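A short write-up of the structure that comes next.
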Amino acid sequence: MTTNERKSKATTFANGKICYIEMPATDVSRSAEFYQQVFGWKIRKRGDGSTAFDDGVGEVSGTWLLGRPPSPGPGLLIYIMVDSVAATCDAIIAAGCGIVQPIGADAPEITARFRDPGGNVLGLYQQPR
């Protein structure tokens, strides 16, 4: 399933679904720009003026929070599904962030881990073709 096919699906509302994420940030604008640029997340202002996001397929939303410590290493580790881990790693580097676990460490799975602008470590996952 391509990204465009996933975007056309209706949002799932079901018991047990992960639906909202609060992400630590040191600069909310920088984090919002990064996730919009690299992953195509929709960025929006909420009624209270805070910056929120909807993921690339409209299934998960959330916000960035100041004053909360980042998740600098795997404890709870969130993975973002991408069409190409290699291309996304290039986009992450171009956006000024770093790769902390390169592709291949979880073989045969196609994954990598990166550090976002707020210092959080997240994973990338590519569905095998």
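The values are calculated or read from the model by the stated rules, or taken from the named source; none is laboratory data. Every value quoted in this text rests on a predicted model; they were computed, and no experiment measured them. Here the Cβ is made from the backbone with ideal geometry for all residues, glycine too, and neighbour counts use every protein chain on show.
Values computed for the structure shown
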read-out	value
Pick from segment 1-34, criterion at pLDDT 80 or above and β-branched (Val, Ile, Thr), ranking: surrounded by the most Cβ atoms within 10 Å (Cβ to Cβ)	Val28
Among residues of segment 23-38, those that are part of a loop (DSSP other than H, G, I, E, B) and closer than 23 Å to Val85 by Cα, counted	0
Residues (surrounded by 15 or more Cβ atoms within 10 Å (Cβ to Cβ) and over 12 Å from the mean Cα position of the chain (by Cα)) located in segment 44-57	Thr51, Ala52
When residues of segment 60-85 are limited to those that are surrounded by 13 or more Cβ atoms within 10 Å (Cβ to Cβ) and aliphatic (A, V, I, L, M), the one farthest from Gln126 (Cα to Cα)	Leu65
